[in-house]
Amino acid sequence: MTAQLIDGKALGLRIRAQIKVRTEALKRTGITPGLAVVLVGGDPASQIYVRNKMKACAEAGIHSTFAHYESTLGEAELLDHIRALNENPAVHGILVQLPLPPQIHVGRVIESIAPAKDVDGFHPVNVGALVAGAPGFRPCTPLGCMKMLESIGLTDLAGRKAVVMGRSNIVGKPMALLLLAANATVTVCHSKTPDAAHFTREADIVVCAVGRPGTLTADMVKPGAVVIDVGINRNAAGKLCGDVDFESVRQVAGHITPVPGGVGPMTIAMLLSNTLDAAAHL
Ligand code: GUN
C-alpha cells in the first residue's frame with residue numbers, strides 16, 4: 001500500500017481563499033492589512049521565497065512593501081529601518097527574511113521587531129508565549145505542518161508519538177512545542193542523536209526538518225505513520241527534493257507530504273493568516 005499524499009498546495013490555496021474573504025471584510029472596516037518584507041543580500045532561494053510571499057499577499061488583498069538591501073548593509077541601518085516599520089501604522093506585519101549576512105546579528109534584529117508585528121513568531125516574547133501556551137504569533141512553517149495534520153483529522157494528538165528531526169529555532173523547536181501543545185508525546189532528534197531511527201521507528205508522526213536529502217528512509221518509518229517533509233533541497237540533478245526519501249518512504253507511510261507542493265505553500269498561507277490576525281488585533 002502506498003501513502004496518501006497531503007496536498008499542501010491545495011490546502012494552502014483553500015486557506016488563502018478564506019483569508020481573502022476575511023481580508024475583504026476587514027478592509028470594509030477601513031483597515032487594509034499590511035506586510036513589510038525586508039531582504040538583505042542576493043541569496044537566490046530567499047529571493048524566490050520573498051517573491052512568492054508577496055505574490056500571495058497581493059492575491060489575498062494584503063498590501064505588501066519590499067525593502068531589498070545590499071549584502072553589505074550595516075546592522076544599525078537595518079535596525080533603523082525596522083524601527084520605522086514598528087512606528088508605521090500601515091504596517092501590521094514585519095518579515096525579515098533569514099538568513100542574514102554574517103555582519104548582522106540575527107538575534108538583535110529579531111528582538112528589534114515589535115512583538116505585535118512579529119508575524120514570523122521569532123521574537124522572544126512570541127517564543128515565550130508558545131512555550132507557556134499563551135496567545136501569540138506562532139512560526140509559520142510549524143503552524144502549517146499542524147494544519148496539515150488537522151487536514152487528515154489529527155487535531156488532538158493524545159496517545160500519539162511524534163518525532164521531530166531537527167532543532168532549529170525556525171522549525172524544529174517550535175514544531176516540537178506545537179505538537180506538545182496538541183498533546184503528542186514528543187521526541188526531538190538532531191545531529192548529535194545516535195541512532196535516530198530507534199526513535200522514528202516508534203513514531204506515529206515524523207516531521208523531518210534537517211535540510212539534508214535522504215535523512216528519513218523507509219527502514220526508519222513505522223508502517224502507516226504520517227511523514228511531514230519540511231526540507232527543500234536540490235539533488236545532484238538539480239531537482240527540488242525534501243529531506244525524506246520520498247519514493248521509498250511512501251511505500252511504508254500512511255500519509256506523506258510531497259516536495260514541492262507540501263509544506264512550502266502552507267508556510268505562505270500561515271504568513272498571510274498571521275498578518276491578517278496582526279491587522280485585526282486578534
Ligand atoms: N527563512 C527560512 N524560513 C523563513 C521564515 O519562515 N521566515 C523568515 N523570515 N525567514 C525564513
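Throughout, read-outs are computed from the coordinates displayed, never taken from laboratory work. Note that this is a predicted model, so its numbers are computed, not measured. All Cβ positions, even for glycine, are placed from backbone atoms using ideal geometry, and neighbour counts span all protein chains on display.
With N denoting the number of residues in the chain, provide Rg(C-alpha) divided by 2.2 N^0.38 Å, to two decimal places. Present the calculation step by step, with values, prior to reporting the outcome.
Numbers: Rg = 18.7 Å, N = 282, 2.2 N^0.38 = 18.8 Å.
Its radius of gyration relative to the 2.2 N^0.38 Å reference: 1.00.
Indicate the helices, whole DSSP H runs only, in the chain that combine a mean Kyte-Doolittle hydropathy of 0.5 or more with a Cα extent along their long axis of 20 angstrom or more.
Numbers: long enough: 8-28 (30 Å, -0.39); 44-60 (24 Å, -0.36); 263-280 (25 Å, 1.11).
Those that clear 20 Å and a mean of 0.5 are 263-280.
How big is the antiparallel share of DSSP beta bridges in the chain, given as a percent to the nearest 5?
5
If you count the DSSP beta bridges with both ends in the stretch 144-282, what percent of them are antiparallel, to the nearest 5?
10
From the square roots a ≥ b ≥ c of the eigenvalues of the alpha-carbon gyration tensor of the stretch 38-130, which class results: rounded (a/c under 1.5), prolate (a/b over b/c), or oblate? Walk me through the numbers on the way to the answer.
Values: a/c = 1.44, a/b = 1.03, b/c = 1.40.
Rounded shape, in that the Cα axes give a/c under 1.5.
Report the convex hull volume per residue for the stretch 87-173, counting only C-alpha atoms, in Å³. Don't jump to the answer; show the numbers that get you there.
Values: hull volume 11.1 nm³, N = 87.
Convex hull of Cα atoms, per residue: 128 Å³.
Is the C-alpha gyration tensor of the stretch 165-206 telling us rounded, prolate or oblate? Criteria: a/c under 1.5 is rounded; beyond that, a/b larger than b/c is prolate, otherwise oblate.
Oblate shape, in that a/c is at least 1.5 and b/c is the bigger or equal ratio.
With viscosity set to 1.306 mPa s at 10 °C, what whole-number translational diffusion coefficient in µm²/s follows for the stretch 216-282 from Stokes-Einstein and a Kirkwood radius over Cα pairs?
118
Which is the longest stretch in the chain that no exposed loop site breaks, taking sites as trypsin sites (Lys or Arg not before Pro) with a DSSP loop state and at most 13 other Cβ atoms within 10 Å?
Answer from the scan: 1-191.
Report the normalised scattering of the stretch 196-238 as log10 I(q)/I(0) at q = 0.31 Å⁻¹, calculated by the Debye formula with identical scatterers on the alpha carbons.
The computed values of log10 I(q)/I(0) come out as -1.15.
Please check the chain for the longest run free of GluC sites (Glu not before Pro) that are loop-located per DSSP (anything but H, G, I, E, B) and have at most 14 other Cβ atoms within 10 Å.
71-201
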